[in-house]
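Worksheet: the structure to be examined is printed underneath.
The values are calculated or read from the model by the stated rules, or taken from the named source; none is laboratory data. Bear in mind the structure is a predicted one, so any value in this text is a computation, not a measurement. FYI the Cβ positions are ideal-geometry reconstructions off the backbone, even for glycines, and counts take in every protein chain you see. For the accessible areas, the whole protein counts, side chains as well, though only heavy atoms, and no ligand, DNA or RNA atoms are used. Shrake-Rupley method; radii C 1.70, N 1.55, O 1.52, S 1.80 Å.
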Amino acid sequence: MAAAMASAAERAVLEEEFKWLLQEEVHAVLKQLQDILKEASHRFALPVSGSEGTIKQENFVLSTSGTDQVKGVLTLQGDALCQADISLKMPRNNQLLHFAFREDKQWKLQQIQDARNHVNQAIYLLMNRDVNYQFKTGSEVLKLMDAVMLQLTRARNRLTTPATLTLPEIASSGLTKMFTPALPPDILVNFYINLNKLCLTVYQLHVLQPSTTKNFKPAGGSVLHNPGAMFEFGNQRYEVSHVHKVECVVPWLNDALVFFTVSLQLCQQLKDKISVFSSYWNYRPY
């Protein structure tokens, strides 16, 4: 009898604690998440400079720990590369090539655009449950946390996982038509985000003669192709002879990745608290 009374009293205390968790602590965590993710969203928008609504431009110098075959300066404006000034020293004859974006061209970085959209979607989900909303069950909170975590994981993955492209896809990309003077036919370029870095890869090609194509084996998709990779484009077969990768750190991308990690941890901690209560009365929906 005493054990049953103790059990009932314990259950009553737990139910009061759980009620407080649903009514108070959940909303405190949601507010904290909103604040963090709004900061992350602001990083993607960047502070305005000059006229209202204009995203400021930032210049980044490309560098590598290896040779100085490729040098350049990139100008980033939010999710758009609005200028790229690149110099390439050709290994065969040390000839120096210089090319830059045409003034009427910008290159949208889809990874940044997608990451920002996922962050904004997470904020939208959180704002739909304002402070006046009454959570009735723990499973309702878990579903919300799962939905928010899905958007945050997708946002993070867009920055940490560059697209795998085939060489013909790179060759047919609109990026090849962005430059003045036009890129030589034996040069391919690709821009992508990897974590907190903006990367440029330059591929130098040589044409495979018909007599040497007996062992032709086209390369599949990859983030970074190696020398020796072969492909066919425009009825012509090519082999990659040299690969140059240079990069620059974009500090606000690093900030965004930190915000994603902290937010995911907060979501998981709240899920864990809900799950602790479920273990006490797992015979009923929590």
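From the gyration tensor of the Cα coordinates in the range 22-149, what semi-axes in whole Å does the equivalent ellipsoid have, largest first, with each one equal to sqrt(5λ)?
One finds semi-axes of 45, 17, 11 Å for the range 22-149.
With n ≥ 4 as the cut-off for DSSP H runs, can you work out [θ] at 222 nm for the chain, using -39500 (n - 2.57) per run divided by the number of residues, rounded to the nearest 500?
Details: 6 runs with 113 residues, N = 286.
Value at 222 nm, helices only: -13500 deg cm²/dmol.
At a probe radius of 1.4 Å, what is the per-residue accessible area of V73, in Å² to the nearest 10?
Answer for V73: close to 60 Å² accessible.
Compute the whole-percent fraction of alpha carbon pairs in the chain spaced more than 31 Å apart.
47
Round to a whole number: what % of the accessible area of the chain belongs to carbon and sulfur, probe 1.4 Å?
Of all accessible area on the chain, carbon and sulfur atoms account for 52 percent.
What figure, in Å² to the nearest 10, do you get for the accessible area of D130 with a 1.4 Å probe and non-protein molecules left out?
Using a 1.4 Å probe on the heavy atoms, I get roughly 80 Å².
Could you give me the ³J(HN,Hα) list for the range 126-141, computed from phi with Karplus coefficients 6.51, -1.76, 1.60 and θ = phi - 60°, whole Hz, x at Gly and Pro?
The phi angles translate into 5, 5, 5, 10, 6, 4, 7, 6, 9, 6, 8, 9, x, 5, 5, 5 Hz.
Between the range 197-275 and the range 61-106, what's the alpha-carbon centroid distance in Å?
17
Can you compute the FRET efficiency between H42 and Q209 using 1/(1 + (r/R0)^6), with r the Cβ-Cβ distance and R0 = 45 Å? Round to the nearest 0.05.
Numbers: r = 55 Å, r/R0 = 1.22.
E(calc), rounded to 0.05, equals 0.25.
Let me check something: with ligands and nucleic acids excluded, how do R154, R237 order by accessible area (1.4 Å probe), largest to smallest?
R154, R237
Among all the lysines, which ones have a C-alpha under 24 Å from K136's C-alpha, if same-chain residues fewer than 8 places away are not counted?
Answer for K136, where 24 Å is the Cα cut-off: K19, K31, K271, K273, listed by chain and number.
Could you give the length gained by full extension between Q236 and M127, i.e. 0.36 nm per residue of separation minus their alpha carbon distance, to one decimal place?
Gain on stretching Q236 to M127: 33.8 nm.
Based on the alpha-carbon set only, what is the convex hull volume of the range 177-244 divided per residue, in Å³?
Given the Cα convex hull of the range 177-244, per-residue volume reads 101 Å³.
Please compute the Cα-Cα pair-distance distribution of the range 132-177 with 5 Å bins starting at 0, giving whole percents from short to long.
All Cα pairs, binned at 5 Å, distribute as 5, 16, 13, 12, 12, 10, 9, 7, 5, 5, 6, 0 percent.
With no solvent and one point per C-alpha, what does the Debye sum give as log10 I(q)/I(0) for the range 66-133 at q = 0.23 Å⁻¹?
Relative scattering, expressed as log10 I(q)/I(0), comes to -0.97.
Rank H118, H206, H225 by mean-square fluctuation in a GNM of the chain with C-alpha springs under 10 angstrom and give only the top-ranked residue.
Checking each option, the largest mean-square fluctuation is seen for H206.
What are the aspartates and glutamates whose alpha-carbon lies under 14 Å from the alpha-carbon of K71, with same-chain residues fewer than 8 places away excluded?
Output for K71: D85, E247.
If exposed GluC sites (Glu not before Pro) are those in a DSSP loop with at most 13 other Cβ within 10 Å, what is the longest stretch of the chain that has none?
It works out to 104-286.
What's the Kirkwood radius of the range 118-194 in Å, using all Cα pairs? Present the calculation step by step, with values, prior to reporting the outcome.
Values: mean 1/r = 0.0619 Å⁻¹.
With all distinct Cα pairs of the range 118-194 included, I get 16.2 Å.
Angle between the Cα long axis of helix 251-278 and the longest principal axis of the chain, 0 to 90 degrees, nearest 10?
Long axis of 251-278 versus the principal axis of the chain: about 30 degrees.
How much solvent-accessible surface does K38 expose, in Å² to the nearest 10, with a 1.4 Å probe and all protein chains in place?
Near enough 80 Å² of accessible area.
Between the helical axis of 26-45 and the dominant principal axis of the chain, each derived from Cα atoms, what acute angle in degrees is found, rounded to the nearest 10?
Relative to the chain, helix 26-45 is tipped by roughly 20 degrees.
Based on the Cβ-Cβ distance from E24 to S222, what FRET efficiency comes out when R0 is 41 Å, to the nearest 0.05?
So the FRET efficiency works out to roughly 0.20.
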